[in-house]
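The structure under discussion appears below in the form of structure tokens.
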Ligand SMILES: [Zn+2]
């Protein structure tokens, strides 16, 4: 995956982006309906900080619109392994050298019916720990980008079934 390019979140980009993403429930993948690049990622034209216009990855725009910081050299990765997906809850900002979660998550299956299959075993135990510590389902679901029902399901399970 190519590293992130600094683009400007102007009104034109916001509008074109929202017209091209099919927004479904928090658990579902939100497909980008515009053009896809050769790797299957959604792409959209944007103005860079340098003033040039270029095509940037739609899922990177999704994370920027979600208000998350995209530091130099970061990569925006899919927890769902679904390249055109622009659901910010399925996206996380990784760092090529330090993100060990990639290794855990790369084992997740593509096209699986389980919407929470991308949640790693390590995430599941953090979720349970947070819940035991008294965090609300809502707060946990927001920090892991999954539905409250998923959090509740994880807390009620002893061990996540293999995907
Ligand atoms: Zn997705």
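The values are calculated or read from the model by the stated rules, or taken from the named source; none is laboratory data. Since the structure is predicted, the reported quantities are computational estimates derived from the model, not experimental observations. Quick reminder, even Gly has a Cβ in these numbers, built from the backbone with ideal geometry, and neighbours come from all protein chains shown.
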Practice problem: Just give me the residues in segment 26-39 being within 14 Å of the chain's Cα centre (by Cα) and assigned to a loop (DSSP other than H, G, I, E, B), in sequence order. | Solution: 26, 27, 28, 29, 30
Quiz item: Just for strands (runs of 3 or more DSSP E) wholly inside segment 43-99: which have at least 1 residues that are within 16 Å of the ligand (Cβ to nearest atom)?
Solution: 53-57, 74-78, 91-95
Quiz item: Is there a residue in segment 23-41 that is within 19 Å of residue 73 (Cα to Cα), in contact with a helix residue (DSSP H, G or I) (Cβ under 9 Å, 6 or more places away or on another chain) and away from the ligand (no atom under 16 Å from the Cβ)?
Solution: no
Practice problem: Could you grab the pairs with beta carbons closer than 7 Å, sequence gap of 6+ or different chains, first residue in segment 18-47 and free of Cβ contacts under 8 Å to residues at least 24 places away in the same chain and not assigned by TED's automatic domain parsing to the domain that holds residue 144, second one away from the ligand (no atom under 12 Å from the Cβ) and part of a loop (DSSP other than H, G, I, E, B)? | Solution: 22/33; 43/35; 43/37
Exercise. For residue 48, state whether it is modelled with pLDDT under 95, in contact with a helix residue (DSSP H, G or I) (Cβ under 7 Å, 6 or more places away or on another chain) and closer than 14 Å to residue 8 by Cα.
Key: no
Exercise. Identify the single condition in (1) under 18 Å from residue 75 (Cα atoms); (2) within 18 Å of the chain's Cα centre (by Cα) that residue 55 does not satisfy, given that it satisfies every other one.
Key: (2)
Practice problem: Provide a single number: the residues in segment 69-107 that are at pLDDT below 75 and buried (at least 18 other Cβ atoms within 10 Å of the Cβ). | Solution: 1
